[in-house]
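The next block holds one structure in the form of structure tokens; read it before the comments.
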Amino acid sequence: MAKILIPYGTSEGQTARIADYISDLLQAHGHQADTLDLKHAEHELPDGYDAVIVGASVHAGKHEGFVADFVRRNRSRLESLPTALFSVSLAAHGDPEDAEKYVKEFEDSTGWQPDKVAMFGGALLYTQYGFLKRMMMKKIVSSKGSEDTDTGRDYIYTEWDGVRRFAEAFLVYVDRNPGPSS
Ligand SMILES: Cc1cc2nc3c(=O)[nH]c(=O)nc-3n(C[C@H](O)[C@H](O)[C@H](O)COP(=O)(O)O)c2cc1C
């Protein structure tokens, strides 16, 4: 049984939902998995984990700065363990080159090279945004040629099957590349 930590950053909640989904899935496979909302926690990587999956979402072209801070602060310990990064954005749904650019920028700015990387489509939560954010997101979305501009509903782009495949592939990787404590 591996003990896996999933620290994440989220602004509107979709990355938290993905972190919870991964955690449930790892537990269903017989492992211990804990999520850690970086906004509400000490920013040190707790001891005793065999592997780490970091999650972050993109706003205005960048992942959360506090997730980058967490990675920088704990980089040498992350480098001693099997690790993965999942990045959540709208670009991952329709514009993979941009999604990859966000990840590259995160890796460059933190100096951390996760062993595995995944990019997941996020969510357009029009019904939860305030007026200004709703109008801004509608404008951005329509400027990209998308028809997902009905602000009376939400659009969820996360492909849960892809999330499951990523988590299961990471488990195989952890099994073959155990960290120092295993
Ligand atoms: C104000 C705002 C700015 C955003 N900027 C970007 C962006 O620059 N590129 C992108 O691909 N997605 C962008 N998104 C989409 C988010 O990445 C997406 O909604 C994601 O699901 C957010 O995850 P979270 O709920 O975990 O914060 C933006 C969303 C909002 C609300």
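Observations on the model:
- Value at 222 nm in deg cm²/dmol, rounded to 500, when DSSP H runs of n ≥ 4 in the chain each add -39,500 (n - 2.57): -13000 deg cm²/dmol
- Estimated distance in nm for a label pair at residue 109 and residue 172, the labels positioned 7 Å out from Cα along Cα-to-Cβ: 3.3
- Gain on full extension, evaluated as 0.36 nm per residue between residue 42 and residue 134 minus their Cα-Cα distance, stands at 29.9 nm.
- Helix runs (DSSP H) in the chain reaching 15 Å along axis by Cα, Kyte-Doolittle at least 0.5: none
- Pairs of alpha carbons in the chain whose separation is greater than 24 Å (percent): 36
- Förster radius 25 Å - calculated FRET efficiency between residue 98 and residue 153, Cβ distance, rounded to 0.05: 0.55
- Region 122-182 and region 21-69: distance between their alpha carbon centers, rounded to Å: 16
- Calculated FRET value between residue 142 and residue 62, using beta carbons and R₀ = 25 Å, to 0.05: 0.65
- Contour excess over end-to-end distance, with Cα ends at residue 77 and residue 32 and 0.36 nm allotted per residue: 14.3 nm
Every number in this text was worked out from the coordinates using simple rules, so none of it is lab data. Note that this is a predicted model, so its numbers are computed, not measured. All Cβ positions, glycine included, derive from the backbone under ideal geometry; neighbour counts span all protein chains shown.
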